[in-house]
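See below for the structure under consideration.
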Amino acid sequence: DARVTQTPRHKVTEMGQEVTMRCQPILGHNTVFWYRQTMMQGLELLAYFRNRAPLDDSGMPKDRFSAEMPDATLATLKIQPSEPRDSAVYFCASGFRPYEQYFGPGTRLTVT
Amino acid sequence: DQQVKQNSPSLSVQEGRISILNCDYTNSMFDYFLWYKKYPAEGPTFLISISSIKDKNEDGRFTVFLNKSAKHLSLHIVPSQPGDSAVYFCAASAGNFGNEKLTFGTGTRLTIIP
């Protein structure tokens, strides 16, 4: 049963610290998405990649967020420096056909 | 600017009755619509979708209706079951049926009362 995995599942950190979230997409999927879920905005698309190349990162605060795919089995989302307003659940999703997005379980980030 | 709106944060329905979840959108370029279901501590999972060339799509107990003139879609669940208790997200995409970029609503928490 292929699944998207995300680590860590929970992260508590202090303001100003660097946070790195990792995602392993489903093997064979060529598109990877990063979303953020907040109560007010719902699920917001931060960035997405196809074949490891960034296609759209317009939803991401550029000054502190960065997303990369070092290889086909790993996607990372970094926040540096983190702020309390970054507290949210961050989801990674992968797919290989339009509209088919398989979500991971999410990383719950709390910045104090 | 919330382009996809789910104005009801929560909904409670008796088991066996019909659940109707609503979604409105503002972007007339949206041409494909999806519903996702999310349980606590899990990621959303795809439920059902509809393209703008249709006004109805059915899959078992789940039916999605699209009213393009009103920019409105709804998800009907009949009959509702306790396992349907979850948060439901409406999502939309624009661009010739091939754009993977989805815009999500804020979700509606559905509670099925036994």
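Just so you know, all these numbers are worked out from the coordinates, no wet-lab data involved. Since the model is a prediction, treat every value here as computed from it, not as a measurement. With ideal geometry, Cβ positions are generated from the backbone for all residues, glycine too; neighbour counts draw on all protein chains shown.
Within the set of pairs 6 or more residues apart or between chains, which connect a residue that is on the phi > 0 side of the Ramachandran plot inside the range B:33-44 to a residue that is surrounded by fewer than 21 Cβ atoms within 10 Å (Cβ to Cβ) and outside any strand (DSSP E or B) with Cβ atoms less than 9 Å apart?
Hits for this filter: B:41/A:9; B:41/A:105.
Residue by residue through the range A:31-43, note down the ones that are over 19 Å from residue A:98 (Cβ atoms) and in contact with a Phe, Trp or Tyr (Cβ under 6 Å, 6 or more places away or on another chain).
Within the range A:31-43, A:36, A:42 qualify.
Within the range A:4-28, how many residues turn out to be crowded, with 19+ Cβ neighbours inside 10 Å and assigned to a loop (DSSP other than H, G, I, E, B)?
Of the residues in that region, 2 qualify.
Quick one: how many residues across the range B:54-83 are within 21 Å of residue B:5 (Cα to Cα) and either in a helix (DSSP H, G or I) or more than 14 Å from chain A (Cβ to nearest Cβ) (or both)?
18
Scan the range A:45-88 for residues that are in a strand (DSSP E or B) and surrounded by 18 or more Cβ atoms within 10 Å (Cβ to Cβ) and jot them down.
Matches in the range A:45-88: A:45, A:46, A:47, A:48, A:49, A:65, A:67, A:69, A:75, A:77, A:79, A:88.
Do we find a residue being under 23 Å from residue A:31 (Cα atoms) and free of Cβ contacts under 8 Å to residues at least 60 places away in the same chain anywhere in the range B:50-67?
yes
Could you list, in sequence order, all residues of the range A:13-45 that are in contact (Cβ under 8 Å) with a residue 60 or more places away in the chain and more than 14 Å from every other protein chain (Cβ to nearest Cβ)?
The answer is A:13, A:14, A:15, A:16, A:17, A:18, A:19, A:28.
State the number of residues belonging to the range A:36-77 that are within 26 Å of residue B:106 (Cβ to Cβ), among the hydroxyl-bearing types (Ser, Thr, Tyr) and touching an Asp or Glu at 6+ places or on another chain (Cβ under 6 Å).
Residues flagged as within 26 Å of residue B:106 (Cβ to Cβ), among the hydroxyl-bearing types (Ser, Thr, Tyr) and touching an Asp or Glu at 6+ places or on another chain (Cβ under 6 Å) within the range A:36-77 amount to 1.
Given the structure, is residue B:93 more than 10 Å from the chain's Cα centre (by Cα) and crowded, with 18+ Cβ neighbours inside 10 Å?
yes
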